[in-house]
1. Which of the residues belonging to the range 138-152 are within 18 Å of Cys37 (Cβ to Cβ) and assigned to a helix (DSSP H, G or I)?
2. From the residues in the range 77-95 that are β-branched (Val, Ile, Thr) and at pLDDT 95 or above, which one is farthest from Leu29 (Cα to Cα)?
3. What residue, of Ala134, Ala125, Ala163, is farther than 25 Å from Met21 by Cα and at pLDDT below 95?
4. Could you tell me which of the residues Thr71, Thr62, Thr15 is touching a residue at least 12 places away in the same chain (Cβ under 8 Å), more than 25 Å from Phe146 (Cβ to Cβ), surrounded by fewer than 17 Cβ atoms within 10 Å (Cβ to Cβ) and not charged (D, E, K, R)?
5. If only one of Glu25, Glu20, Glu42 is at pLDDT 95 or above, among the acidic types (Asp, Glu) and out of contact with any Phe, Trp or Tyr (no Cβ under 7 Å at 6 or more places or on another chain), which one is it?
6. When the range 24-38 is examined, which residues are found to be crowded, with 19+ Cβ neighbours inside 10 Å and among the acidic types (Asp, Glu)?
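The values are calculated or read from the model by the stated rules, or taken from the named source; none is laboratory data. Note that the structure is predicted; figures quoted are calculated from it, not measured. Cβ atoms come from the backbone with ideal geometry, glycine included; neighbour counts cover every protein chain shown.
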Amino acid sequence: MSLPADTAEAPFWRTKTLEEMSSAEWESLCDGCGRCCLVKLEDEDSAEIHYTDVGCTLLDGTSCRCRSYATRQEIVPDCVRLTPETVRSIRWLPPTCAYRLVAEGRDLYWWHPLVSGDPETPHIAGVTVRDRLAGPEEDFEEEYLFEQIVEWPAEAPIEPLSARARRRSGRN
């Protein structure tokens with residue numbers, strides 16, 4: 001017998017801090033959008049971050065996942081390993097990033113696989129890099145990266161469902 005939605009146990013991302021999460025919980029927060037693996041440029045004058053449509057050499061443009069996740073930092077030395085500390089300190093995490101949302105005390109979007117139960121919903125919602133990459137970073141000379149600046153990775157096109165909206169719609 002299942003409990004009514006109002007009394008069911010809340011999901012871990014609503015009850016735990018980033019530091020309290022198990023390794024499996026931490027890894028499951030990644031929605032697989034690939035936006036954090038895009039090459040980013042920082043304006044030296046304003047410190048503004050600009051995303052490009054150029055992917056890290058290890059970013060798979062179809063799965064939107066790292067081709068060598070376990071050894072990524074050995075292959076790409078400047079790959080940033082996300083930790084609770086880095087999540088709170090780096091400014092370039094996409095606004096839809098679950099790590100960022102949880103750190104800010106916000107809920108996950110309806111399309112996040114932990115909410116939807118389907119790893120394809122981020123692609124269906126259009127928040128991934130699938131079919132949006134110009135190519136891997138090794139295909140671009142550094143001086144031409146400025147021509148690859150795009151706005152979509154910094155956008156949050158879909159609002160998360162609030163707990164109230166979930167209750168009204170019958171979602172848990």
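1. Kept after step one, since they are within 18 Å of Cys37 (Cβ to Cβ), are these residues of the range 138-152: 138-140, 142, 145, 148-152.
Answer for the range 138-152, where residues must be within 18 Å of Cys37 (Cβ to Cβ) and assigned to a helix (DSSP H, G or I): Glu138, Asp139, Glu142, Leu145, Gln148, Trp152.
2. Applying the first criterion (β-branched (Val, Ile, Thr)) to the range 77-95 yields 80, 83, 86-87, 90.
From what is left, the residues that are at pLDDT 95 or above are 83, 86-87.
Values: Thr83: 12, Thr86: 15, Val87: 12 Å.
The residue in question is Thr86.
3. Values: Ala134 fails: at pLDDT below 95; Ala163 fails: farther than 25 Å from Met21 by Cα.
After ruling out the rest, the residue left standing is Ala125.
4. On the way: Thr71 fails: touching a residue at least 12 places away in the same chain (Cβ under 8 Å); Thr15 fails: touching a residue at least 12 places away in the same chain (Cβ under 8 Å).
The match here is Thr62.
5. So the residue among Glu25, Glu20, Glu42 that is at pLDDT 95 or above, among the acidic types (Asp, Glu) and out of contact with any Phe, Trp or Tyr (no Cβ under 7 Å at 6 or more places or on another chain) is Glu20.
6. Asp31
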